Amino acid sequence: MKSSTQVFKIGTGNLEEVIKTAAQFIKKGGTVAFPTETVYGLGADALNPDAVRKVFKAKGRPLDNPLIVHIADQEQLGMVAMEVPDSAHVLMDAFWPGPLTLIFKRKDIVPDVITCGLDTVAVRMPDNPIALGLIKEAGTPIAAPSANISGRPSPTTAEHVIADLSGRIDVVIDGGAVRVGVESTVVDMTPEIPVLLRPGRVSIDEIREYVGKVLVGYTDRQAGAGEAVRSPGLKYTHYSPETRLVLVSGNSSAVVDKISELAREYRDRNIRVGLLVTDETAGTEEMAEYLLADGVFLLGSRYDAYEIASNLFAGLRYLDLEDVDVIIADGSIGIDGIGAAVMNRLKKAADELIEVN
Ligand code: AMP
Ligand code: MG
């Protein structure tokens, strides 16, 4: 285990210097956490199996959950991927650099530890100057899962990364809060019809506009231990605070009624309640007396799923640190656009799901 982690904060005029220093760590087989537009990633040289193993170890990530390879140009795509279909080129033109991960048949140069022995590799080009600069300067594709302890909510600030991984990795580049806040959309391009394996910032409707038919290959609930899944990562607990999380989903007025009812019941039983709620829910008369609950985090407007996405993981982490016994989360969020990704992460984080209507 590493004894100390260096933190480099991006300020005026030091971007190049920080990237140069951090790239040296990547080249030498070290681990560097860096911001992307989605969440912070924990990076290592994707072509160096020993370096990639350090990423699994630092995160406590199960060895059968493959990593996404981050690239900075088309040449690097050619290094790792075989058989890039035309439909993938259409998607890359439309969305790269950006929060869309595509799965291809892999080349032999990709170490088994990245793909967990699969014959496919997941690739994306991040839309963040620090991430792209680091990959270019390191001169190698960078494998980078989210920079959190496995199973915890993904990090959207450098402080989240430090809270989870300080002492376990070489470097953190602090580039401030990320823009998107949920992980990339993952699409398997190896079947005839592309399959959506994880919802993200790029919605299924946007993808369909470019390539026509797309199948849905994920579920919002947690897959059972022995269950076959299309994407290995789907079977693990994700995004979870340590505190018990109860998600109430359905139409907005029914959700507000249920949340206030639950808050009252818990309070009567001396159970300390944290509320993870939309601005609209918080603004209702029913909720007024609970806004003095033991912990409250406002997610943003229920009509702006992009805002909610950017606040979601910070909210889960914030309430986890508050002195509460249970978190009640507001699921009155539409599943259009990035809303599908927000509800997917909330459902995976939830210990209990209450659907009301
Ligand atoms: P994370 O790195 O935590 O954002 O998770 C990466 C996601 O990509 C996980 O859900 C993986 O299961 C998925 N993934 C990575 N490589 C592959 C692959 N070759 N085939 C299918 N899914 C993959
Ligand atoms: Mg992750």
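The values are calculated or read from the model by the stated rules, or taken from the named source; none is laboratory data. Since this is a predicted model, take the numbers as computed values, not measurements. Every residue, glycine among them, receives a Cβ derived from its backbone with ideal geometry; neighbour counts consider all protein chains shown. Keep in mind that these areas ignore ligands, DNA and RNA; they rest on the heavy atoms of the full protein, side chains included. Shrake-Rupley method; radii C 1.70, N 1.55, O 1.52, S 1.80 Å.
In the set Leu42, Leu63, which member is in a strand (DSSP E or B) and under 22 Å from the mean Cα position of the chain (by Cα)?
Leu42
Please go through region 141-159 and pick out each residue that is open to solvent by 10 Å² or more (accessible area, probe 1.4 Å) and away from ligand 2 (no atom under 12 Å from the Cβ).
Thr157, Glu159
For region 176-192, how many residues meet the condition of being part of a loop (DSSP other than H, G, I, E, B), touching a residue at least 12 places away in the same chain (Cβ under 8 Å) and acidic (Asp, Glu)?
Total meeting the criteria: 1.
Are any residues in region 314-345 part of a helix (DSSP H, G or I), within 22 Å of Ile271 (Cα to Cα) and at pLDDT 95 or above, and if so, which ones?
Of everything in region 314-345, those that are part of a helix (DSSP H, G or I), within 22 Å of Ile271 (Cα to Cα) and at pLDDT 95 or above turn out to be Gly315, Leu316, Arg317, Tyr318, Leu319.
Looking for whichever is at positive phi and in contact (Cβ under 8 Å) with a residue 24 or more places away in the chain here; the options are Gly250, Gly331, Gly274, Gly315. Which one fits?
Checking each option against the conditions leaves just Gly250.
What pairs come up if the first residue lies in region 193-212 and is farther than 18 Å from Asp127 by Cα, the second is assigned to a loop (DSSP other than H, G, I, E, B) and small (Gly, Ala, Ser), and their beta carbons are under 8 Å apart, counting only those six or more places apart or on different chains?
The qualifying pairs are Val195/Gly217; Leu196/Gly217; Leu197/Gly217; Leu197/Ser231; Arg198/Ser184; Arg198/Ser231; Asp205/Gly337.
If I ask for residues that are crowded, with 23+ Cβ neighbours inside 10 Å and within 16 Å of ligand 2 (Cβ to nearest atom), which ones from region 104-122 would you list?
Within region 104-122, Ile114, Ala122 meet the criteria.
Test each condition in (1) within 15 Å of ligand 2 (Cβ to nearest atom); (2) in contact with a strand residue (DSSP E or B) (Cβ under 8 Å, 6 or more places away or on another chain) for Gly181 and report the one that comes out false.
Failed condition: (2).
Out of everything in region 66-75 that is more than 14 Å from ligand 2 (Cβ to nearest atom) and not aliphatic (A, V, I, L, M), what residue ends up being farthest from the chain's Cα centre (by Cα)?
In this case the residue turns out to be Glu75.
On the phi < 0 side of the Ramachandran plot, more than 21 Å from the chain's Cα centre (by Cα), part of a helix (DSSP H, G or I) and not β-branched (Val, Ile, Thr): which single residue out of Glu307, Glu289, Glu355 fits that description?
Glu289
Could we say that Asp294 is touching a Leu at 6+ places or on another chain (Cβ under 6 Å), at pLDDT below 95, among the charged types (D, E, K, R) and on the phi < 0 side of the Ramachandran plot here?
Against the criterion (touching a Leu at 6+ places or on another chain (Cβ under 6 Å), at pLDDT below 95, among the charged types (D, E, K, R) and on the phi < 0 side of the Ramachandran plot), Asp294 does not qualify.
Any idea how many residues of region 20-50 are crowded, with 24+ Cβ neighbours inside 10 Å and closer than 21 Å to Glu159 by Cβ?
Final tally of qualifying residues: 13.
Could you figure out which of (1) over 19 Å from the mean Cα position of the chain (by Cα); (2) surrounded by fewer than 21 Cβ atoms within 10 Å (Cβ to Cβ); (3) within 17 Å of Asp188 (Cα to Cα) isn't true of Leu91?
Against the list (1) over 19 Å from the mean Cα position of the chain (by Cα); (2) surrounded by fewer than 21 Cβ atoms within 10 Å (Cβ to Cβ); (3) within 17 Å of Asp188 (Cα to Cα), Leu91 comes up short only on (2).
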